[in-house]
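What follows is a single structure, written as structure tokens, with notes after it.
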Amino acid sequence: MMNSDANAASDHFALGDRITLQGSPEVKGTVRFMGPVGQTSGEWVGVEWDKPERGKHDGLHEGVRYFQARQPKSATFVRPKKIARGVPILQAIDERYGGAIDDPNIGINQDELERLKREMNAPFLELVGFDKVQQTQRDFRRLQVVWLMGMRVSGLESTVDCPSDEPALAGACPNVRDLDLSENLLNSWTEVARIGQCLPRLKILNVSDNRLAEPEADLTQAFPRLRQLLMGQMGYDWDNVERICRNFPQLEILNIFANQIRIIPEPKPGSFDQIKELDLSENPLQDWDQVLRLANLTNLTMLNLNSCQLDRIYFPAAMAQPFPALKFLQLSRNLINDWVSVGNLGRLSIKDLRMRTNPILESDSGENCRQIFIATISSLKVLNGSEIFKEERYGSEIDHLKRYGKEYLKAVADGPEATNSFFDGHPRFKELVKRFGPPEEFELKQVNTDIKSNLLEILIECPKKEEFKPVTKKVPKTMTVQKLRMLIYRLVKAKGQDLVLSCSNPDSPDLEVPLDNDLRELSFYSPMNTFGFLVSEAPGFALRGSQIKVLTEPAAFYNELFQRSALAQKRITLSALYLGTGEKEHRLVDKIHERVLQRDGLRVRVLLDYFRGNRLSGQGQSSCTMLQKLVQDRQEMCQISLYHTPVLRGLKKRIVPQKYNEMYGLQHTKVYIFDDSVIISGANLSQDYFTNRQDRYVLIKDCPELADYLDEVVGNISEFSFQMNSRCEFELHKNWHINPSEGDFNEYVSAVQNKVSKFLRNAKGSYQLLPSFYDNGREEDINTWIFPSIQMGIFGIDQDQRITSKLLETGSKDSSFKFGTGYFNPTPEYLQTILEKTSAKYDVLMAHPKANGFFGASFPAGGIPDAYTLITRQFYERTKAGKDQNRVLLYEYLRDGWTFHAKGIWHYLSGDSLPSLSMIGSPNFGYRSVEKDLEAQVTIVTKDESLRTQLHEEQERLFETSSIVTDETFLSPERAIPYWVRLVVWSSRDFF
């Protein structure tokens with residue numbers, strides 16, 4: 001950091017210098033003037049601020065033009081002592097990586113830390129974990145990666161006392177290959193080049209968010225090995241980029257996101273021929289023509305066009321193969337609104353396409369949109385991160401023929417011109433016709449999607465009135481039994497009280513279900529009508545409602561775990577994020593250890609997250625050390641597995657502090673199996689979850705098929721996880737050969753995806769749903785059905801997301817969802833369904849900031865409750881904007897001394913006061929649950945009145961300690977959101 005003498009000396013400022021505001025290093029500007037102003041005394045510095053809203057004028061003050069700023073009100077005059085120049089790069093490296101070995105705060109900006117303490121009213125705030133990293137990084141000669149983002153670097157030297165740092169930098173850091181200088185105070189490429197000349201091994205350079213004018217001299221000698229250049233948010237147009245890139249002859253990867261590129265002229269011959277990856281995201285491209293000017297880049301394999309305002313995709317018929325080497329294309333968050341554009345992507349040979357959040361994707365269901373993408377782009381292997389299997393491609397192509405079959409047949413009937421026009425709009429259709437043959441008329445019957453599709457066709461018979469002839473009627477699915485009774489009364493001419501109504505399924509005519517509640521909708525009497533999609537999405541298990549017990553308190557949860565461990569005969573399976581190290585956890589592990597020594601043949605399987613499982617407590621213990629005695633004494637019967645996310649690897653794994661590594665993905669499933677009984681929950685195995693952290697817990701007794709299936713789920717995850725031996729060392733499973741943190745990332749992800757996908761496909765055959773779901777539980781008192789689902793977004797497994805989305809889409813006007821989540825951050829798909837696709841009523845229960853598990857934590861975790869407050873407010877404002885604030889209500893759970901972690905859904909059908917369906921498990925229905933973590937939950941569909949009452953009372957008990965969110969909620973001073981939290985949510989929302 002600059003010393004006070006240097007900061008105060010006005011003669012150390014020069015025109016063009018980049019500066020920061022004293023005490024606020026994030027506020028940056030450029031010196032445009034130095035000298036007296038008007039009749040005032042002393043020296044002034046005219047500053048043009050990076051953020052125009054900080055200024056007051058454009059350099060014109062009291063009629064005198066001192067300088068010309070680019071924005072009308074982006075400039076002010078300040079005293080020299082109010083601003084600070086940058087620091088030399090070696091000083092920044094020393095602040096970031098150097099210092100005394102026993103200084104635990106090395107690498108931490110102390111002024112920033114003090115500011116955060118004041119802002120968060122946390123005088124004892126501290127950051128931990130940096131000392132170990134610092135010890136390995138203090139020897140600058142060993143540094144290969146240097147990250148100096150936001151460290152106020154201005155160049156090699158910045159004071160008269162330091163005439164040149166070139167020899168010092170070259171000698172101190174000779175092995176640097178990756179240098180991040182983003183968000184600093186550099187003001188010229190010449191200064192960047194001087195730094196580059198000192199780092200002859202440099203291959204990756206990030207200068208994003210600096211104000212660098214184009215270089216005037218040739219800089220090619222400064223960067224002889226540079227392969228990747230990042231210069232986002234620089235205000236450049238394409239001409240600027242092209243001239244700058246001439247200085248990097250070996251450049252292969254170019255990231256120029258968030259600049260001002262609207263027009264891309266035809267690249268000069270040879271100017272970008274060597275580029276393999278190009279990131280143009282967040283540039284306001286004028287149209288697709290600009291992209292086409294890059295179509296002759298013969299080595300380009302990856303192109304990022306996210307958020308480029310593109311509304312069409314097209315390729316001239318006469319154009320030779322565009323983008324001949326392109327394999328990976330990103331087009332998310334654009335304005336594409338027609339399927340012809342999607343079809344035109346078939347001209348490319350891309351293998352991997354990411355295209356989310358475009359208007360065209362709102363024209364149909366997510367499943368149908370995916371089918372169209374697959375059918376129209378023959379080369380595609382991966383879509384939006386999910387692998388395309390052979391069977392899925394075959395089905396998509398057949399459906400594509402049917403979808404546009406009538407249009408095709410009409411074009412053929414109209415003649416060659418119409419046919420050619422049709423093929424222009426559907427470029428791959430001719431190939432599909434040649435492969436599968438033309439569609440036939442009988443194949444193209446459409447299923448109604450209008451109001452008729454919500455009608456039930458019923459055959460009314462009256463066996464005891466022989467003169468009555470059966471009659472067929474179409475009635476709404478939402479018709480109540482009472483209204484049906486009135487209709488039949490008019491048809492049969494019988495007194496209402498004499499009518500005894502029942503219904504049967506055509507497939508099982510001998511099984512009759514009494515229509516015994518006049519207030520129920522007809523759809524209730526056939527679960528398939530409302531929840532039939534579950535059968536096609538997940539294996540199903542039929543049982544009696546009396547086999548399920550809803551637990552309500554953490555103590556009851558712990559008692560069940562403890563007692564069932566003590567009595568287990570053949571298996572104990574525990575799957576959680578981590579196991580705590582407190583007294584209750586010790587008792588539980590001791591009981592399992594005692595039981596496994598007593599009972600021959602008892603198998604114990606424990607699955608945890610690798611990073612949380614190895615995190616040491618204050619007593620120096622971890623989940624692994626707690627469980628060590630199990631594998632020491634009965635290794636042949638005890639398996640301890642720890643899932644390691646493949647995302648955290650290499651340098652990232654080495655430098656990310658231990659307490660923050662869970663941001664990148666976790667083993668988050670919560671399944672507890674004892675013989676043939678199962679506890680499904682969102683709770684972990686630690687003291688607070690056993691005492692005062694509210695969650696949900698459902699005990700399912702004596703259901704061996706369900707227990708076997710969930711045990712197989714845990715076993716599959718365990719197989720591609722690390723195995724712990726008796727010495728607390730970790731090795732691969734004997735059936736697995738790819739290391740998740742050191743092996744090839746793509747190979748590992750593909751292997752896991754294939755394994756889990758195969759398991760799910762086989763499960764549909766191995767765990768067939770009993771026929772009772774179709775005939776409403778008339779077999780052996782069956783009245784309840786359970787559908788387990790898993791989510792592994794990182795591996796392209798989205799079973800739980802599909803089920804959740806389809807469930808939410810079933811919501812009719814008079815139905816309602818009670819929705820619980822410990823961390824409220826719904827995905828855009830869930831948001832759209834709740835706010836736009838259904839008219840059901842929603843009551844959403846979430847944690848009050850004081851009931852958030854991170855409330856009162858040290859920085860930066862202490863900001864997590866604020867982050868969720870911000871996300872909640874944004875959602876609340878959306879409900880108001882859409883006039884949904886009376887349909888979608890938000891509640892905050894607050895119970896003195898308790899935190900809130902409960903999650904799930906209770907679904908009430910129209911006219912019902914008790915839920916017919918509930919989802920319970922580990923997902924929070926947010927970005928993390930869908931994209932990053934491994935999740936599991938079950939969907940319970942029931943007609944059992946006692947179980948429905950249990951679920952209803954559970955829901956009421958959770959909501960009774962909550963308060964509704966209103967405008968006043970966010971006016972409280974304690975709800976003020978710190979700026980740094982807003983920035984984190986804006987840039988990293990998917991980590992929550």
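The values are calculated or read from the model by the stated rules, or taken from the named source; none is laboratory data. Since the structure is predicted, the reported quantities are computational estimates derived from the model, not experimental observations. FYI the Cβ positions are ideal-geometry reconstructions off the backbone, even for glycines, and counts take in every protein chain you see. With ligands, DNA and RNA removed, areas are computed over all heavy atoms of the protein, side chains included. Shrake-Rupley method; radii C 1.70, N 1.55, O 1.52, S 1.80 Å.
The Cα atoms of region 572-700 define a convex hull whose projected area, averaged across directions, is 8.7 nm².
Note on the chain: helix-only mean residue ellipticity at 222 nm, from DSSP H runs of 4+ residues weighted -39500 (n - 2.57) and normalised by residue number, equals -9000 deg cm²/dmol.
Annotation for region 779-875: chymotrypsin sites (Phe, Trp or Tyr not before Pro) lying in DSSP loop with at most 16 further Cβ atoms inside 10 Å of their Cβ are Phe855. Calculated from the alpha-carbon coordinates, region 17-85 shows an Rg and a Dmax of 11.1, 32 Å respectively.
A full extension of the chain between Asp590 and Asn735 corresponds to an added length of 49.2 nm, given 0.36 nm per residue minus the alpha carbon distance. Distance between the C-alpha centres of region 310-362 and region 24-92: 45 Å, rounded to the whole angstrom. Expressed as a whole percent, the accessible area of region 775-863 that falls on carbon and sulfur atoms is 47 (1.4 Å probe). Along region 616-633 the Karplus relation, 6.51 cos²θ - 1.76 cosθ + 1.60 evaluated at θ = phi - 60°, assigns HN-Hα couplings of 7, 7, x, 8, x, 9, 9, 4, 5, 5, 4, 8, 4, 5, 5, 7, 5, 8 Hz to successive residues, with x for each Gly and Pro. The Rg/Rh ratio of the chain, with both radii computed over alpha carbons and Rh defined as the Kirkwood radius, is 1.00. With all protein chains in place and a 1.4 Å probe, the accessible surface of region 198-253 carries 41 percent carbon and sulfur. Our note on the geometry: Cα centres of region 790-861 and region 666-711, 21 Å apart. Rolling a 1.4 angstrom probe over the protein heavy atoms with all chains in place gives the chain an accessible area of 45 Å² per residue. Pairs exceeding a 27 Å alpha-carbon distance, out of Lys570/Lys764; Lys629/Lys755; Lys629/Lys652: Lys629/Lys755; Lys629/Lys652.
Sorted largest first by accessible area at a 1.4 angstrom probe radius, with every protein chain in place, the residues Tyr660, Tyr236 fall in the order Tyr660, Tyr236. Using a Förster distance of 45 Å, how high is the FRET efficiency between Ala881 and Glu407, based on the Cβ-Cβ distance and rounded to 0.05? It comes to 0.75. Largest to smallest in accessible area, the residues Cys198, Cys503 fall in the order Cys503, Cys198 (1.4 Å probe, all protein chains included).
Placing Ser502, Ser341, Ser41 in order of accessible area, with the largest value first and a 1.4 Å probe, yields Ser41, Ser502, Ser341. Distance between the pseudo-spin-label points of Lys473 and Arg895 (7 Å out from Cα toward the beta carbon): 4.8 nm.
For region 157-251, state which GluC sites (Glu not before Pro) are in a DSSP loop and have at most 14 other beta carbons lying within 10 Å of their beta carbon. Display every interim value, and only then the final one.
Working: sites: Glu157, Glu183, Glu191, Glu216, Glu242; in loops: Glu157, Glu183, Glu216.
Here the sparse-neighbourhood loop sites are Glu216.
Annotation: amide H of Cys503 within the under-5 Å range of Val513, Leu515, sequence separation 5 or more or interchain, hydrogens built in the peptide plane. Extending 7 Å from the Cα toward the beta-carbon at both Phe389 and Arg957 defines two label points whose distance is 4.0 nm. Geometric descriptor of region 787-991, per residue, is 122 Å³ (volume of the convex hull of the Cα atoms).
Name the shape class, rounded, prolate or oblate, that the alpha-carbon gyration tensor gives for region 342-391, where a ≥ b ≥ c are the square roots of its eigenvalues, rounded holds for a/c under 1.5, and otherwise prolate holds if a/b is larger than b/c and oblate otherwise. It is prolate, given that a/c is not under 1.5 and a/b is the larger ratio. Taking 7 Å steps out from each Cα toward its Cβ at Ala170 and Thr625 produces label points 5.0 nm apart. Angle of helix 745-766 to the longest C-alpha principal axis of the chain, folded into 0 to 90 degrees and rounded to 10: 10°. Ligands, DNA and RNA excluded, the heavy atoms of Trp906 present near 0 Å² of accessible surface to a 1.4 Å solvent probe.
Maximal additional length on extending the Gln687-Arg490 stretch stands at 64.5 nm, based on 0.36 nm per residue less the C-alpha distance.
Compared with the alpha-carbon gap, the fully stretched path from Tyr660 to Thr552 is longer by 35.7 nm at 0.36 nm per residue.
Relative to the longest principal axis of the Cα atoms of the chain, the long axis of helix 979-988 makes an angle of roughly 60 degrees. Excluding same-chain neighbours fewer than eight residues apart, the lysines reachable from Lys465 by a Cα-Cα span under 24 Å are Lys473, Lys474, Lys483, Lys493, Lys495. For region 227-243, the Karplus equation 6.51 cos²θ - 1.76 cosθ + 1.60, evaluated at θ = phi - 60°, returns couplings of 10, 10, 10, 10, 9, x, 6, 10, x, 7, 9, 5, 4, 4, 4, 5, 5 Hz by residue, with Gly and Pro reported as x. Report the calculated FRET efficiency for Glu719 and Ala318 (r = Cβ-Cβ distance, R0 = 41 Å), to the nearest 0.05. Working from the Cβ atoms, E equals 0.15.
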